[in-house]
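Everything below concerns the one structure shown next.
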Amino acid sequence: MSPGSWTLVFAAALVASLALRAWLASRQVRHVARHRESVPEPFRATVDLAAHRKAAAYTLAKIRLGQWQMALGALTLLGWTLFGGLDALDTLLRDAVAPRWGGLAYEVALVGAVVAIEAFIHLPLDLYATFGIEAKFGFNRMTWKLWIADALKGLVLSVVIGLPLVALVLWIMAASGPLWWLWAWAAWTVFNLVALVVVPTLIAPLFNRFEPLADASLEARVRALMTRAGFAAKGLFVMDGSRRSAHGNAYLTGFGAARRVVFFDTLLARLAPEEVEAVLAHELGHFKLGHIVRRIGAMLLTALVLFAAFGYLASQSWFYTGLGVRPALGGPNDAVALILLMFVAPVFGSFIAPLFAGLSRRHEYEADAWAARHADGRALASALLKLHEDNASTLTPDPVYARFYYSHPPAVERLAALAPLNAQGGMA
């Protein structure tokens, strides 16, 4: 492929991606606004109009912010690539770092600089999301002191963990010959599998407090459910999610002896014991039905395809020049190739996102059905309704928008699927 042809392909994909996302957002805005004054029939006895209006306003505010984020992302992407930003930064760091510290140091510095600049550019909108929209609708509990502490911890972790990982991948690229992409994928896979054990036990406690579940009756109920399901965990924990947000959740994390059950304190404060049990049953359903393993497998397979494509593209001069970067003739180009892949992959990946969203929604239906058989399905339905209301999730999303983006089924469809299961009874 010639550089000019590759430029046209990239530009066409970017324009098509932006146009598609803008069209979907406009559909969502029109649909939610059109239905904001009327609670859907199945929910009129349980959801008041004020809560429905709040959910609509919250949804519209996030869509508008998303539009600004999309526009900024497109501008920065063009600035890095076709407008020469990455090429200029590459030349600057290559001349300043490589002669004194070596090629690997220059490449790590280039990746780190791009990541840092990207974070700085997007920082104002990220702050507005937390201290603007989330605060306006009563969800944000993050203080500036806590935000700064989180940012500093994240920076330290990026330096201590992220930069060595980048250095390892770049070293593999330079030292492993034509099949470097396979070895790099293997290293990336090992890192992610180790993270499944390390993050819950060592990283997450740096940001949140995890206390053992103190409610003895709830613990007995939860352990009885786990026994019925044949599921073992290292412990039951309550996380202080209320320090940062009013949103509630529960999740299972880790593998084998490191598995943990975690409840947000906001979830426990809002739901009745039978509803907490039902929500946990849903999460257990994901484990028992093999969803977690399949999702990890799909992630690893997708990454393998990306690394293989990367292995080909990194050796093609048109891949660099067509995106506004002059490859070095006598030095390494691995860092530039890695950065360009990070820029390009989301553009083309946006067209296959609905496939993964659809798979996720199917898993959610299956986990709901499993929960309805092993716990109280009616309690799950009432818990889901409370969580939708507490999280200000709209009950009237645009169907096309939901099919494209939603990893969970819309509430109307999800509760409709639960209704016949609840009529049959549960607690198998």
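The values are calculated or read from the model by the stated rules, or taken from the named source; none is laboratory data. Remember, it's a predicted structure, so these values are computed and weren't measured experimentally. Virtual Cβ from ideal backbone geometry, glycine too; neighbours counted across all protein chains shown.
The set of residues from segment 56-89 being farther than 30 Å from VAL29 by Cα, of a type outside the set (Val, Ile, Thr) and touching a Leu at 6+ places or on another chain (Cβ under 6 Å) comprises just one member, TRP80. All of ARG362, ARG373 fail the test of being surrounded by fewer than 19 Cβ atoms within 10 Å (Cβ to Cβ), part of a helix (DSSP H, G or I), without any contact (Cβ under 8 Å) to a residue 24 or more places away in the chain and basic (Lys, Arg), apart from ARG362. Scanning segment 387-418 for residues that are more than 22 Å from the chain's Cα centre (by Cα) and either farther than 21 Å from ALA45 by Cβ or surrounded by fewer than 19 Cβ atoms within 10 Å (Cβ to Cβ) (or both) yields a count of 4. Checking each residue in segment 280-312 for being surrounded by 19 or more Cβ atoms within 10 Å (Cβ to Cβ) and under 21 Å from PRO178 (Cβ atoms) picks out PHE307, PHE310. In the set ALA22, ALA51, ALA56, only one residue is closer than 24 Å to ILE133 by Cβ, at pLDDT below 90, of a type outside the set (D, E, K, R) and part of a helix (DSSP H, G or I); that residue is ALA51. Cβ-Cβ contacts under 6 Å between residues 6 or more apart (or on different chains), taken from a first residue in segment 200-215 that is in contact (Cβ under 8 Å) with a residue 40 or more places away in the chain and under 30 Å from GLU274 (Cβ atoms) to a second residue that is in a helix (DSSP H, G or I) and of a type outside the set (Val, Ile, Thr), are listed as LEU213/GLU219. A single entry from GLU283, GLU274 fulfils the requirement of being in contact (Cβ under 8 Å) with a residue 60 or more places away in the chain, in contact with a strand residue (DSSP E or B) (Cβ under 8 Å, 6 or more places away or on another chain) and among the charged types (D, E, K, R): GLU283. Of the residues making up segment 200-213, those that are surrounded by 14 or more Cβ atoms within 10 Å (Cβ to Cβ) and within 19 Å of GLY154 (Cα to Cα) are PRO200, THR201, ALA204, PHE207, ASN208, PHE210.
Here's the yes/no breakdown for (1) at pLDDT 90 or above; (2) over 21 Å from the mean Cα position of the chain (by Cα); (3) under 25 Å from PHE191 (Cα atoms); (4) part of a helix (DSSP H, G or I):
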site: LEU65; (1), (2), (3), (4): yes, no, no, yes
site: LEU110; (1), (2), (3), (4): yes, yes, yes, yes
site: GLU118; (1), (2), (3), (4): yes, no, yes, yes
site: ILE121; (1), (2), (3), (4): yes, no, no, yes
site: LEU125; (1), (2), (3), (4): yes, no, no, yes
site: ALA129; (1), (2), (3), (4): yes, no, no, yes
site: GLU134; (1), (2), (3), (4): yes, no, no, yes
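No other residue among ALA50, ALA74, ALA88, ALA13 is surrounded by fewer than 17 Cβ atoms within 10 Å (Cβ to Cβ), within 30 Å of ASP390 (Cβ to Cβ) and aliphatic (A, V, I, L, M) apart from ALA50.
The listed residues are LEU323, LEU300, and the only one of them that is in contact with a Ser or Thr (Cβ under 6 Å, 6 or more places away or on another chain), of a type outside the set (S, T, N, Q) and under 20 Å from ALA13 (Cα atoms) turns out to be LEU323.
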